[in-house]
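Trainee: First the structure, then my questions, so here it is.
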Amino acid sequence: MSKYFYLLLLAVLFSSCNEYQKALKSDDVKYQYDVAVKLYEEGKYNKVITLAEKLKPVLKGKPSAQKLFYVYAKSMYIKKQYYNAAYEFGSFVSTYPKSDVKEEAAFLAAKSRYMLSPVYSKDQADTYVAVSALQSFIDTYPDSQYMDEANQLAKELREKLEKKAFEIAKQYHLTADFFGDYAAAIKTFDNFLIDFPGTKLKEDALYYKFDSSYRLAMNSIASKKQERLEDAISNYKALVKFNGETKYKKEVDEMFATIETELQKFSK
């Protein structure tokens, strides 16, 4: 029984390959189109892509092009060709604004951008593009069946950008000891807190900002030291206001005591 099954399977596969090869060589556009759709339904996505690329220029502007362009974009998405899929789905949405699958195409265009987002340690240009694409989808289709997933994907990307921005700011803080540029570290943490007001890393950012301002003050020339010590106190207060029982409490309280001792010298 299994022998006949495998023979039948081989016959079907051979027939499918023959049909595909015949379609590639054929000048019959309808035949090529029918084979491309059939191959898509059979899950032979690489062959769909090859055939569709031949048919696209010929069918452009014709009614049958809509389905072909959809299966073409979807095949690229399934085969993880995300740059091309994002472009083709975006083009599909623009070309067929009344399509029944327009919403799905718009979502998959945005999700393709999400799939292109690299790990947080790398350049995040593609992540910014993905966030914009997902937000555009969310704004355009507020009642979409894909809304929960779109929101979750956008949240993941924003957290990635947040982590990247925090690590950059922290790097400024770490290198300030070598280059003495504590002001740059403070500014970078300021920007981080402005860009990500609801960040889970706020306590850490406030701590590193205070620590940088403390180091800046303690290493300042006499003419600037008092002002910078007072700035450091403001940053200390911002941290303890955010969390009076901060995990950095022992360390920051010791630094605060040192600042007060230094400030007393200016009051004499």
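Trainee: Taking only the Cα atoms of the range 107-233, how large is their convex hull per residue, in Å³?
Mentor: 108
Trainee: A further question follows. Which of T188, T127, T50 moves the most in a Gaussian network model of the chain with Cα springs under 10 Å?
Mentor: Evaluated over the chain, the most mobile residue of the options is T50.
Trainee: What residue among F179, F107, F256 shows peak mean-square fluctuation when the chain is described by a Gaussian network model with Cα springs under 10 Å?
Mentor: Most flexible of the set in this elastic network: F179.
Trainee: Using R₀ = 35 Å, calculate the FRET efficiency as 1/(1 + (r/R₀)^6) where r is the Cβ-Cβ separation of V119 and E19; round to 0.05.
Mentor: Once rounded, the FRET efficiency stands at 0.25.
Trainee: Apply the a/c threshold of 1.5 to the C-alpha gyration tensor of the range 13-64 and tell me whether it is rounded, prolate or oblate.
Mentor: Here the range 13-64 falls in the prolate category.
Trainee: In addition: Over 20 Å between C-alpha atoms is what I'm after, so list which of K44/K67; K102/K160; K122/K160; K22/K54 land there.
Mentor: Cα-Cα > 20 Å for K102/K160; rest within.
Trainee: Also, I was wondering about something else. Under a crude label model (7 Å from the Cα following the beta-carbon direction), how far is S136 from K54 in nanometres?
Mentor: A separation of 3.3 nm, rounded to one decimal place.
Trainee: Taking the Cα centre of the chain as origin and charging only Cβ (+1 Lys, Arg; -1 Asp, Glu), how large is the dipole, in debye to the nearest 20?
Mentor: 840
Trainee: OK, next. Can you tell me the length gained on complete extension of the stretch E41 to E260, counting 0.36 nm per residue apart and subtracting the Cα distance?
Mentor: 71.4 nm
Trainee: While we're here: To the nearest 10 degrees, how steeply does helix 29-41 sit against the main Cα axis of the chain, on a 0 to 90 scale?
Mentor: Approximately 60 degrees, to the nearest ten.
Trainee: Can you give me the % of accessible surface on the chain that is carbon or sulfur? Probe 1.4 Å, all protein chains present, nothing else counted.
Mentor: 54
Trainee: For K225, which aspartates and glutamates qualify as cross-link partners when the Cα separation must be under 13 Å and same-chain residues fewer than eight apart are set aside?
Mentor: Filter leaves E260, E262.
Trainee: Classify the range 38-91 as rounded, prolate or oblate from the Cα gyration tensor: take a ≥ b ≥ c as the square roots of its eigenvalues, call it rounded if a/c is under 1.5, otherwise prolate when a/b beats b/c and oblate if not.
Mentor: The shape class here is oblate.
Trainee: May I ask you to derive the relative contact order of the chain, considering only C-alpha pairs under 8 Å and at least 6 residues apart, and to give it as an integer percent?
Mentor: 8
Trainee: Using the Kirkwood radius over Cα pairs, work out the Stokes-Einstein diffusion coefficient for the range 97-173 at 25 °C and 0.890 mPa s, in µm²/s as a whole number.
Mentor: Value of D from the Cα-based Kirkwood radius: 187 µm²/s.
Trainee: Select from Y207, Y82, Y96 the residue whose mean-square fluctuation is largest in a Gaussian network model of the chain (Cα-Cα springs shorter than 10 Å).
Mentor: Y96
Trainee: Quick one: give the max-minus-min coordinate of the C-alpha atoms of the range 161-267 along each principal axis, largest first, in Å.
Mentor: 44, 32, 20
Trainee: Give a residue-ordered list of calculated ³J(HN,Hα) values for the range 71-87 (Karplus: 6.51 cos²θ - 1.76 cosθ + 1.60, θ = phi - 60°; whole Hz; x for Gly, Pro).
Mentor: Calculated HN-Hα couplings, in order: 5, 5, 5, 5, 4, 5, 4, 4, 7, 6, 8, 5, 4, 5, 4, 4, 5 Hz.
Trainee: Please list, in chain and number order, the residues 5+ apart from F196 or on another chain whose amide H is under 5 Å from its amide H, with Hs placed from the backbone.
Mentor: Here nothing satisfies the definition.
Trainee: Among the listed pairs K111/K247; K170/K237; K38/K155, which are separated by more than 30 Å between their Cα atoms?
Mentor: K111/K247; K38/K155
Trainee: Right, another one. Could you work out the per residue convex hull volume over the alpha carbons of the range 44-146, in cubic angstrom?
Mentor: Taking the convex hull of the Cα positions in the range 44-146, it is 109 Å³ per residue.
Trainee: Sticking with this structure for a sec: When the Kirkwood radius is taken over all Cα pairs of the chain, what Stokes-Einstein diffusion coefficient follows at 20 °C and 1.002 mPa s, in µm²/s?
Mentor: My calculation gives 92 µm²/s for D.
Trainee: Cα centroids of the range 191-243 and the range 106-151: how far apart, whole angstrom?
Mentor: Measuring centre to centre over Cα atoms gives 34 Å.
Trainee: Roughly how tilted is helix 222-242, in degrees to the nearest 10 and between 0 and 90, from the longest Cα axis of the chain?
Mentor: Long axis of 222-242 versus the principal axis of the chain: about 60 degrees.
The values are calculated or read from the model by the stated rules, or taken from the named source; none is laboratory data. These numbers come from a predicted model, not from an experiment. No Cβ is skipped: glycine too gets one built from the backbone with ideal geometry, and neighbour counts run over all protein chains shown. To get the accessible areas, we keep the full protein, side chains included, count just its heavy atoms, and leave off ligands, DNA and RNA. Shrake-Rupley method; radii C 1.70, N 1.55, O 1.52, S 1.80 Å.
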